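Trainee: One structure, pasted below without further comment.
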Amino acid sequence: MPIFFFVERTCGVAAMAQDVVVETRNLTKIYRDFWGRKKKTALNALDMQIHRGEIFGLLGPNGSGKTTTIKLLLGLLFPTTGDAYVFGQSSGNVEKNEKIGYLPEESYLYRFLNAEETLDFYGRLFNIDSATRKKRAAELIELVGLGNDKKRILREYSKGMRQRIGLAQALINDPDFVILDEPTSGLDPLGTRWMKDLILDLRKKGKTVLMCSHRLEDVQDVCDRISILYNGDLQEQGVVSKLVEDAKRMQLQATGVQLTDELKKELEAVIVKHGGKLENFGHPATTLEDLFLRIVEESRARPGRRYQAPMEATAAGPAMPGQ
Amino acid sequence: MGLSLFGLLILDRDPYFLSDLPGLVQAWAIDAGGFGMIGLLVYILYALTIPAAQAESAKYRAGVTSFMLIMAVLALLVYALYLAMMFTGRGYDYTNPKFYVDPNAFTKYVPHKLSFHGQPLALTIGGLLALLGIGQPFAANMLKIRGRRLWAVAKLSFKEAIRSKLLWVFLIFLLPILFPARLYSNIKPENELRSTIAISTFFMNILLLAPALILASFGLPRDIKDQNIFTVLTKPVERFEIVFGRFLGYVGVLTIGLVLMTVVGWLFLWTAGVDEKAAEETYKARVPVRGGLKFQSRKTDFEGTNVGREFDYRRYVAGDPSSPQRAIWTFNSIPSGLTAGRDYVPCEFTFDIFRMTKGVENRGVDLIIRVTTWQNIQLPPTEPRDGSWKWENPDKEAEYQEEAKAKLRKLRGLGATDDVNPATVFRFAEPGSPEWDVLNELTEKYGFYEIVGKEIFDYHPESVNIPVGIFKNASSGFKTNDLPAVSIAVKCQTGGQMLGVAEGDLYLLEGERLFVESYFRAAFGLWCRLCIVVGISVVLSTYLAAVIALLGAAAQYLAGYAIDHISDMASGNSFAGGPGRALVSLIRAETATAQPDPKSSVDKAFMFGDGVFSWLVRRVANMVPDVYSYSWTGYVSEGFNVPLECMVMNLITTIGYLLPWFILSFYLMRSREVAA
């Protein structure tokens with residue numbers, strides 16, 4: 001049924017719980033062609049809440065509706081039906097953007113500006129006064145590690161550097177709610193770790209973060225709750241630790257003891273006695289990311305450090321193609 | 001106007017003065033209000049189609065306030081009243097009558113005049129109500145605009161333009177300066193300045209308007225394509241701030257280009273110098289007082305002769321001692337500055353001579369110029385072959401002659417019976433001389449002054465001095481008739497020659513200002529054009545692809561140069577009728593001037609179709625910018641002052657033209673899904 005919208009001052013404010021930052025109600029986006037025919041349902045009746053102070057992850061394969069959801073929240077797209085509210089205000093209301101920081105998937109920044117000019121430009125858009133703008137820009141440039149490159153125009157930046165300045169522009173207004181679309185895209189492992197630490201730091205400061213990423217390990221590392229989308233439909237939603245927990249299996253970790261055959265037999269006997277079955281024994285492996293970071297840290301601490309090949313490998317030499 | 005055909009200021013339309021403002025505001029309310037009404041109705045209908053399930057987020061795109069609804073209803077009522085008046089034939093706009101004009105005849109453009117008749121009044125009120133309705137969300141949004149954000153977007157556009165290096169194109173402007181036209185073509189010395197101004201203005205137009213079109217049409221679409229706009233619109237930025245900020249940024253950077261080119265052009269003129277003859281004719285900024293032109297012969301319906309020239313801007317009076325034909329310039333009011341502190345007023349003129357016979361070598365034609373006031377009524381001769389006009393009161397004329405002789409005898413110490421010819425003495429009297437003082441006394445008393453035997457040449461500026469007494473006579477006493485305060489009647493004495501005149505060909509010279517002042521003022525007209533081009537381009541680019549926006553804006557602007565033709569089509573005064581009439585003529589192999597048969601149903605059907613076509617063209621014509629009103633090239637190149645008042649009007653009309661476009665951009669931008 002059609003309706004006339006009589007817009008008055010109070011419009012666009014939804015009744016939401018105090019700790020809810022984002023709420024979508026039956027949020028649907030259908031793309032249509034020039035003639036109004038349905039092309040694709042990008043998002044279908046999404047109901048979702050993001051609470052204050054949490055890191056929320058949006059997961060899903062390409063075309064699942066993650067970025068569409070973010071664009072709907074930011075007012076870059078208009079919902080076909082349903083509504084999205086941020087801080088209790090409709091997504092169409094630009095005033096809500098005062099408290100939002102947004103890092104797009106690609107750093108869509110003006111490449112003819114340098115880092116300082118970029119932050120100054122976005123600071124002005126937030127109507128921040130000159131002194132505060134300068135102070136905050138300087139702090140953020142240092143934070144993202146671009147102090148030496150702040151006078152270079154963005155066209156000369158690498159993808160990782162653009163991602164860093166993109167993050168700086170997202171934080172220029174000291175936002176309460178930060179939206180990060182593929183934040184670790186284009187970053188090396190060091191940058192990825194730095195980004196993840198920064199996201200965790202934002203949570204410590206009481207900020208709310210919404211991130212979507214293809215890198216599941218990143219999401220698992222930092223997110224409190226996640227939603228999994230597939231083909232525009234919400235498939236799963238909940239606390240990360242609960243969702244990934246395998247309640248049918250048990251894990252033991254111990255230090256200060258040698259893993260001998262005798263110990264194995266004794267432990268197996270105890271498990272069998274309690275009706276279980278021992279599946280595997282072994283030393284826990286670190287992640288490749290941890291290994292990489294440890295080596296880089298050591299290299300920094302000991303300049304001149306080089307890889308020493310094991311003696312037998314050196315003697316035999318590397319295997320050549322065709323050998 | 002463009003470049004003058006004969007190297008003279010062609011005044012086929014007067015510039016807008018502040019006195020035209022009320023009429024122009026009314027025309028604006030009628031035209032823009034009509035579009036506003038359509039927009040308001042479309043918008044309300046669109047709001048009606050939005051499903052209730054989309055309530056909250058749609059409020060920001062298609063919200064309808066009670067104020068908008070009330071305005072829409074009121075406007076509809078007023079438009080209904082207009083239709084009722086139109087069909088019952090009441091309230092016709094007699095102030096701005098629409099009548100058939102001979103499409104071949106030269107007609108001077110007359111701006112809309114303020115009318116209080118029923119029909120225009122209803123259209124004005126209806127239009128204003130519609131504009132208030134459609135403009136309310138726009139106005140409310142304007143209150144949210146913050147200077148810092150606007151400046152940010154403007155500065156961004158500015159830097160984008162500078163760093164894109166597109167503006168190096170301005171350097172091309174140096175080419176005509178490095179390689180002056182006089183090196184390549186044979187230009188008359190007196191036309192040197194005209195040519196330089198014309199060439200530099202041409203280059204400036206191209207070099208400014210082309211980059212303006214490109215920059216402004218591609219800016220926003222590129223932002224959307226590259227998705228830079230995502231990082232902007234996710235800030236607390238009003239969408240109109242982006243449109244207006246872009247506009248300001250591009251106008252800013254192009255203004256610098258305009259200033260640079262104007263200054264460089266001026267430095268070129270200043271350093272290269274101007275030929276003495278050119279300086280005498282055009283290196284000045286005359287402040288003219290212009291009058292109206294009428295023609296009169298023995299019979300009152302004389303409108304000047306058409307000598308068959310294709311360009312019929314000028315009409316001709318026959319030259320012969322026995323010719324009663326006069327071209328008469330009438331001045332209804334005399335500005336106080338014209339007579340202050342001097343004993344004469346220069347009168348300048350430039351006429352065309354259409355030679356029926358070869359004439360005498362190196363000899364121009366002779367004129368009689370008679371200046372009279374409302375206190376000295378002149379009558380045309382009643383008898384054939386009588387070429388002299390008479391004083392209404394012959395006794396007064398005799399008294400004038402006697403007094404003139406007496407004063408001159410006294411001045412020269414002659415006896416009462418000595419012969420003296422006042423006409424000859426006064427013909428050679430110079431301002432400041434004792435004879436001139438006598439002349440001033442006489443003209444102040446009798447309101448009459450005549451110059452006999454003034455020789456002129458084809459299209460060559462000439463001047464005569466008119467005693468200030470004439471104007472004192474015009475200002476004295478209580479005016480008892482509706483005659484103009486001062487009339488200047490010109491007669492051609494040379495037989496076999498026709499004197500071609502137009503309204504702008506003769507004027508009283510109030511004073512002269514510096515050429516440089518006029519030169520820089522003329523750049524303001526180009527700046528207004530620049531604003532229009534950038535404005536249209538930015539607005540169209542809010543919804544159209546860059547190339548389409550560019551083509552659309554270019555077509556819109558260039559249509560301004562064809563406004564005369566479009567107006568003819570809109571008013572049904574086109575030479576060959578509308579497209580229907582043209583088709584019929586083509587099929588029947590009729591000439592273009594053949595008239596339709598009013599009894600033929602086919603002709604009637606096509607004429608109706610042409611009527612609908614004219615109506616549509618009229619709507620299009622309302623959207624076309626009045627580019628000619630911003631052209632001051634002719635003024636500068638011909639050595640005329642560009643009045644400050646007209647510059648103010650240029651600014652007002654530019655704002656008036658762009659405002660509806662900006663309202664349109666507000667709605668287009670608000671309804672656009674930039675990430676779709």
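Values quoted throughout were computed directly from the atomic coordinates according to the rules given, and no laboratory measurement underlies them. Please read these numbers as outputs of a predicted model, since none were measured by experiment. Glycine also receives a Cβ, built like all others from the backbone with ideal geometry; neighbour counts cover every protein chain displayed.
Trainee: For chain B, which span is the longest to avoid every loop-located (per DSSP) member of chymotrypsin sites (Phe, Trp or Tyr not before Pro) having at most 10 other Cβ atoms inside 10 Å?
Mentor: Excluding the exposed sites themselves, the longest stretch runs over B:479-676.
Trainee: If you take the charge dipole of region A:42-124 about its Cα centre, with +1 on Lys and Arg Cβ and -1 on Asp and Glu Cβ, which of A:70, A:82, A:59 is farthest toward its positive end?
Mentor: A:82
Trainee: Just name one of A:226, B:647, B:213: the one whose Cα is farthest towards the positive end of the charge dipole of the protein assembly as shown (beta-carbon charges, Lys/Arg +1, Asp/Glu -1).
Mentor: A:226
Trainee: Using the Kirkwood radius over C-alpha pairs as Rh, can you work out the diffusion coefficient of the protein assembly as shown via Stokes-Einstein at 20 °C, viscosity 1.002 mPa s, in µm² per second?
Mentor: 60 µm²/s
Trainee: Regarding region A:250-302, what whole-number volume in Å³ per residue does the convex hull of its Cα atoms give?
Mentor: 108 Å³
Trainee: Does anyone have the angle between helix A:115-125 and the longest principal axis of chain A? Alpha-carbon axes, 0 to 90°, nearest 10?
Mentor: 40 degrees
Trainee: Rounded to the nearest 500, what is chain B's calculated 222 nm mean residue ellipticity when only DSSP H runs of at least 4 contribute -39500 (n - 2.57) each, over all residues?
Mentor: That calculation yields -17500 deg cm²/dmol at 222 nm.
Trainee: With 21 Å as the cut-off, how large is the P(r) tail for region A:123-194, expressed as percent of Cα-Cα pairs?
Mentor: That tail contains 26 percent of the Cα-Cα pairs.
Trainee: Continuing with the same structure: For region B:397-550, what is one quarter of the convex hull surface built on the Cα atoms, given in nm²?
Mentor: Computing the convex hull of the Cα atoms and averaging its projections yields 17.4 nm².
Trainee: For chain A, what is the calculated [θ] at 222 nm in deg cm²/dmol (nearest 500), taking -39500 (n - 2.57) for each run of four or more DSSP H residues and dividing by its residue count?
Mentor: Using -39500 (n - 2.57) per qualifying helix, the result is -10000 deg cm²/dmol.
Trainee: Sticking with this structure for a sec: Expressed in whole Å with the largest first, what are the equivalent ellipsoid semi-axes of chain B derived from the C-alpha gyration tensor as the square root of 5 times each eigenvalue?
Mentor: Over the Cα atoms of chain B, the semi-axes work out to 54, 32, 25 Å.
Trainee: Simple spin-label model, 7 Å along Cα-to-Cβ: residue A:251 to residue A:285 in nm?
Mentor: Label-label distance for residue A:251 and residue A:285, simple model: 1.4 nm.
Trainee: Here is a follow-up. Rank A:160, B:481, B:415 by how far each Cα sits towards the positive end of the charge dipole of the protein assembly as shown (+1 on Lys, Arg Cβ; -1 on Asp, Glu Cβ) and give me just the farthest.
Mentor: A:160
Trainee: Turning to a different aspect of this structure: Count neighbours as other Cβ atoms within 10 Å of each site's Cβ, and list the GluC sites (Glu not before Pro) in region A:225-309 that are DSSP loop with at most 13 such neighbours.
Mentor: For GluC sites (Glu not before Pro) across region A:225-309 that sit outside H, G, I, E and B with at most 13 neighbouring Cβ atoms in 10 Å, the list reads A:245, A:279.
Trainee: Below 8 Å between Cα atoms, with a sequence gap of 6+, how large is the relative contact order for chain A in percent?
Mentor: Over chain A, the number comes to 19 percent.
Trainee: Taking chymotrypsin sites (Phe, Trp or Tyr not before Pro) as candidate sites, keep only those in a DSSP loop with at most 10 other Cβ atoms within 10 Å, then name the longest stretch of chain A containing none of them.
Mentor: For chymotrypsin sites (Phe, Trp or Tyr not before Pro) (loop position, at most 10 other Cβ atoms within 10 Å), the longest site-free span of chain A is A:36-306.
Trainee: Mind checking which aspartates and glutamates have their C-alpha under 18 Å from residue A:151, skipping anything on the same chain fewer than 8 residues away?
Mentor: A:116, A:117, A:120, A:139, A:142, B:160
Trainee: Return the Rg/Rh ratio of chain A with Cα-based radii and a Kirkwood Rh.
Mentor: In chain A, Rg relative to Rh is 1.07.
Trainee: I've got another one for you. Enter the angle in degrees (range 0 to 90, nearest 10) between the Cα long axis of helix A:261-273 and the first principal axis of the Cα atoms of chain A, meaning the one along which they spread out most.
Mentor: The helix A:261-273 is inclined about 60 degrees to chain A.
Trainee: So what does the Cα-only Debye profile of region B:314-501 read at q = 0.09, 0.10 Å⁻¹, as log10 I(q)/I(0), no solvent term?
Mentor: Taken in order of the listed q values, log10 I(q)/I(0) reads -0.34, -0.43.
Trainee: Choose one answer from A:141, A:199, A:271: the residue with the largest mean-square fluctuation in a GNM of chain A with alpha-carbon springs under 10 Å.
Mentor: So, out of A:141, A:199, A:271, the one fluctuating most is A:271.
Trainee: Another one. Measuring from label point to label point, each 7 Å out along Cα→Cβ, what is the residue A:174 to residue B:343 span in nm?
Mentor: Modelled inter-label distance: 8.1 nm.
Trainee: Further question: So how far, in whole Å, is the C-alpha centre of region B:405-479 from the one of region B:583-621?
Mentor: Here the two parts' Cα centres lie 59 Å apart.
Trainee: Still on this structure: Within region A:129-231, list the trypsin sites (Lys or Arg not before Pro) lying in a DSSP loop whose Cβ has at most 10 other Cβ atoms in a 10 Å radius.
Mentor: Those satisfying the criteria are A:151, A:205.
Trainee: Let me ask another. Taking a 18 Å limit on the Cα-Cα distance, which of the listed pairs A:29/B:225; B:299/B:390; B:144/B:225 fall beyond it?
Mentor: Going by Cα-Cα distance, A:29/B:225; B:144/B:225 fall outside the 18 Å limit.
Trainee: Just the number, please: percent antiparallel of the DSSP beta bridges in the protein assembly as shown, rounded to the nearest 5.
Mentor: 80 percent
Trainee: Could you give the distance between the Cα centres of region A:200-273 and region B:502-567, to the whole Å?
Mentor: 69 Å
Trainee: Now a separate question. Measure up A:99/A:205; A:96/A:205; B:405/B:445; A:71/B:155 against 18 Å on the Cα-Cα distance and list the ones that go over.
Mentor: Flagged as over cut-off: A:96/A:205; A:71/B:155.
Trainee: Please report how far the C-alpha centroid of region B:207-241 lies from that of region B:308-331, rounded to the nearest whole angstrom.
Mentor: 56 Å
Trainee: What angle do you read, to the nearest 10 degrees and between 0 and 90, between the alpha-carbon axis of helix B:601-623 and the longest principal axis of chain B?
Mentor: Helix B:601-623 and the main axis of chain B meet at about 80 degrees.
Trainee: Which of the trypsin sites (Lys or Arg not before Pro) found in region B:381-441 are loop residues per DSSP with 12 or fewer other Cβ atoms within 10 Å of their Cβ?
Mentor: B:385
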